[in-house]
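The values are calculated or read from the model by the stated rules, or taken from the named source; none is laboratory data. Everything numeric in this text was worked out from a predicted model, so none of it was measured. Cβ atoms come from the backbone with ideal geometry, glycine included; neighbour counts cover every protein chain shown. To get the accessible areas, we keep the full protein, side chains included, count just its heavy atoms, and leave off ligands, DNA and RNA. Shrake-Rupley method; radii C 1.70, N 1.55, O 1.52, S 1.80 Å.
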Amino acid sequence: MAGTWRHESQPRAADARIAARLAIQPGDPVMHTSYVYLADGDPAQLAESWEPMAVTGGSLIVLPEAGPHAGVGVADRMSLIGIEVGVPVERVSARQASRSEAQALGVAPAVPVMAIERTYYDQATGRPVETADIVLLGSRWVAEYGRCPQS
C-alpha cells in the first residue's frame with residue numbers, strides 16, 4: 001500500500017489532560033499537530049500530537065511537518081536539538097470509534113479501533129517531550145511489540 005498523510009499544526013494552550021502527560025502546567029504553550037494517515041488514499045489512522053513549546057519553540061523543528069526537517073519523526077527531530085529519546089511508552093486499548101473518529105476514517109460509528117496513548121521521554125532527564133493519541137482502524141492493523149531475536 002502507498003502511505004501518505006495530511007496534517008495541520010498550530011500552537012495551543014495545553015489542557016489539563018495533556019499538561020499532565022507532558023509534565024507541564026495547564027495553559028502552557030504546546031505545538032498541536034493533527035494527522036490523518038492514508039493507505040492507498042483511504043483513511044486508516046488518526047493521530048493528535050502535542051510537543052511542549054518550551055522544548056521545541058524557537059528551533060527549526062517547532063513545526064513537525066514543515067521546514068528542513070519535516071516528516072522525519074519525533075526521535076530524529078528531537079536528536080537535532082540534542083534530545084535523545086528511547087522507545088516511547090505506549091498504552092494500548094481497544095474500543096469503539098467515536099462519531100468524529102468514524103467520520104474522519106470514513107467508517108460507520110462504533111467500528112473497532114485500537115487507541116494508543118504514546119509518550120516520548122528525554123533519556124537524560126526523563127522529561128516528556130511529545131505525547132500523542134493515535135487511533136487505528138481495527139480492521140487494518142495488527143499490533144506487535146518487542147524485538148525478534150536475530151538468527
>> Using a Gaussian network model on the chain with a 10 Å cutoff between Cα atoms, which of Pro29, Pro109, Pro88 fluctuates the most?
In response: Pro109
> Rank Asp133, Asp42 by accessible area, highest first, at a 1.4 Å probe radius?
Replying inline: Asp42, Asp133
> Mind listing the phi-derived Karplus ³J(HN,Hα) values for the stretch 127-142, rounded to whole Hz, using 6.51, -1.76 and 1.60 with θ = phi - 60°, and x for any glycine or proline?
Replying inline: 6, x, 10, 6, 9, 8, 10, 10, 10, 10, 5, x, 7, 10, 9, 10
> In the stretch 101-118, which residues have a backbone nitrogen under 14 Å from the label point lying 7 Å from Ser34's Cα in the Cα-to-Cβ direction?
Replying inline: 101-106
> Taking R0 as 22 Å, what's the FRET efficiency between Ser100 and Trp141 from their Cβ-Cβ distance, rounded to 0.05?
Replying inline: 0.70
>> Show me, for the stretch 107-115, the HN-Hα J-couplings you get by feeding each phi into the Karplus relation (A = 6.51, B = -1.76, C = 1.60, θ = phi - 60°), rounded to Hz, glycine and proline as x.
In response: 10, 5, x, 6, 5, x, 9, 9, 10
> Hey, with R₀ at 22 Å, roughly what FRET efficiency would Glu65 and Ala2 work out to, going by the Cβ-Cβ distance, to 0.05?
Replying inline: 0.75
> If you roll a 1.4 Å probe over the stretch 1-104 with all protein chains in place, what percent of the accessible area is carbon or sulfur?
Replying inline: 54
> Using modelled amide H (1.01 Å from N, peptide plane; none on Pro or chain starts), what sits under 5 Å from the amide H of Val85, excluding residues fewer than 5 places away?
Replying inline: Gln123
> Which residue fluctuates the most in the chain, going by a Gaussian network model with Cα springs under 10 Å, if the choices are Ser100, Ser34, Ser49?
Replying inline: Ser100
> Taking springs between alpha-carbon atoms closer than 10 angstrom, which of Ala124, Ala14, Ala94 fluctuates most in the Gaussian network model of the chain?
Replying inline: Ala124
>> For the chain, what does the relative contact order come out to in percent, with C-alpha contacts under 8 Å and a separation of six or more?
In response: 21
>> Quick check for me: using +1 on Lys/Arg Cβ and -1 on Asp/Glu Cβ, what's the dipole size of the chain about its Cα centre, in debye to the nearest 20?
In response: 260
> With charges only on Cβ, +1 for K and R and -1 for D and E, what is the dipole size of the stretch 95-143 about its Cα centre, in debye, rounded to 20?
Replying inline: 160
>> Under the rule a/c < 1.5 gives rounded, and otherwise a/b versus b/c splits prolate from oblate, where does the stretch 4-68 land using the Cα gyration tensor?
In response: oblate
> How much accessible area per residue does the stretch 11-88 have, in Å², with a 1.4 Å probe?
Replying inline: 45
> From the residues Gln96, Ala124, Ser79, which one has its Cα farthest along the dipole of the chain in the positive direction, the dipole being from +1 and -1 charges on Cβ of Lys/Arg and Asp/Glu about the Cα centre?
Replying inline: Gln96
